[in-house]
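Student: Dropping the structure in here first, questions after.
The values are calculated or read from the model by the stated rules, or taken from the named source; none is laboratory data. Please read these numbers as outputs of a predicted model, since none were measured by experiment. Counting neighbours? That spans all protein chains shown, and the Cβs are built from the backbone with ideal geometry, glycine included. SASA here: full protein model, heavy atoms, side chains in, ligands and nucleic acids out. Shrake-Rupley method; radii C 1.70, N 1.55, O 1.52, S 1.80 Å.
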Amino acid sequence: PPHASSGPASSSSAQPFFTSAAPYEAFEPGDSGFSSPSSAEVVTSSSGSVMVKVSASFSGVPGDKVLMCGSCRALGNWEPDAAPSLTWGEGDVWTATLEMPPGAHEYKAVAVKAEGPPVWEPGNNRRVVVPRPGSSSGTPSGGGEREVDLVLGLLQGGGDDGGDDEETPDAQLVETSGGSTMVKLTTSYTASFGEYLKVVGGPAELGAWDAGAAPALTWGDGDVWTATLELPAGEHEFKYVV
């Protein structure tokens, strides 16, 4: 599908199409009002929880506001109406400190103008990898490894009857660089411009069967869509929705 990382060109209500697999698109401020790419920094709060400090540089007029929109629920699942607002600071730097789920997330700043359509920051999507709290401690406690083994079997449709089918399952357990265990979802779908996929399912992390709260997938070469998420141990049902 065509890449429109900077958002819709004509309709302020249209859903922008995002993909991390698109050709490199340099940040060119132009007349967007954004002076530099947005950023995200993983920080640790005083209580030990993992937070993400996001920032964007945008010069506007009174009444403008800046949101940080992205591929997880904490960032609105690419829906600006559900995305968190940033707070203006000296030098036209807008910031917010957010709690985000572990995993890899894409994001972009969007300026909601006092007059006129929203303006998305130029260039490719940004990306941040959020570690699981305490992941540096390594092995999970309380039988965590056994639960992970069980989930792996369920996700792959386990069983010893096997057969010769070696097709890659559409949900696989993967291990992040921080040592936490995540679930990588993969599916194929040929989308029209403006279409995007979400994965909806039973647990809250998949929207509890509410498509509006479900996480979005990222398009890649060959019309392959993926998402890497943290899910609770157990058996979960899910479906993809366009």
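Student: Can you report the number of residues in the range 200-226 which are in contact with a Ser or Thr (Cβ under 8 Å, 6 or more places away or on another chain), hydrophobic (A, V, I, L, M, F, W, C) and assigned to a strand (DSSP E or B)?
Tutor: Selection size over the range 200-226: 4.
Student: Give the range 30-77 a look and list any residue that's open to solvent by less than 70 Å² (accessible area, probe 1.4 Å) and of a type in the set (Asp, Glu), or say none.
Tutor: Within the range 30-77, Asp64 is the sole residue that qualifies.
Student: Here's something else I'd like to know. Regarding the range 149-162, can at least one residue be identified that is at pLDDT below 80, closer than 21 Å to Leu231 by Cβ, in a strand (DSSP E or B) and of a type outside the set (Lys, Arg)?
Tutor: No: zero hits.
Student: Hey, could you check the range 78-103 for residues that are under 13 Å from the mean Cα position of the chain (by Cα) and under 25 Å from Glu28 (Cα atoms) and say which is surrounded by the fewest Cβ atoms within 10 Å (Cβ to Cβ)?
Tutor: Looking at the filtered set, the residue picked out is Glu79.
Student: If you don't mind, another one. Where residues in the range 191-230 are more than 19 Å from Pro80 (Cβ to Cβ) and among the polar types (S, T, N, Q), which of them is modelled with the highest pLDDT?
Tutor: Thr226
Student: Take the residues of the range 198-242 that are in contact (Cβ under 8 Å) with a residue 24 or more places away in the chain and among the acidic types (Asp, Glu): which is farthest from Trp78 (Cα to Cα)?
Tutor: My answer is Glu235.
Student: Would you check which residues across the range 91-102 are out of contact with any Phe, Trp or Tyr (no Cβ under 7 Å at 6 or more places or on another chain), assigned to a loop (DSSP other than H, G, I, E, B) and closer than 13 Å to Gly60 by Cα and list them? It would help to see each step written out before you state the result.
Tutor: The first filter runs over the range 91-102 and keeps only residues out of contact with any Phe, Trp or Tyr (no Cβ under 7 Å at 6 or more places or on another chain), leaving 91, 93, 95-102.
If we keep only those that are assigned to a loop (DSSP other than H, G, I, E, B) as well, we get 91, 99-102.
The answer is Gly91, and nothing else.
Student: Look at the range 72-102 and say how many of its residues are in contact with a Pro (Cβ under 9 Å, 6 or more places away or on another chain) and under 15 Å from Ser38 (Cα atoms).
Tutor: 3
Student: Let me ask something additional. Report whether or not Ser85 is touching a residue at least 24 places away in the same chain (Cβ under 8 Å) and of a type outside the set (Phe, Trp, Tyr). Can you show your working first?
Tutor: Numbers: touching a residue at least 24 places away in the same chain (Cβ under 8 Å): no; of a type outside the set (Phe, Trp, Tyr): yes.
When the stated conditions are applied, Ser85 does not pass them.
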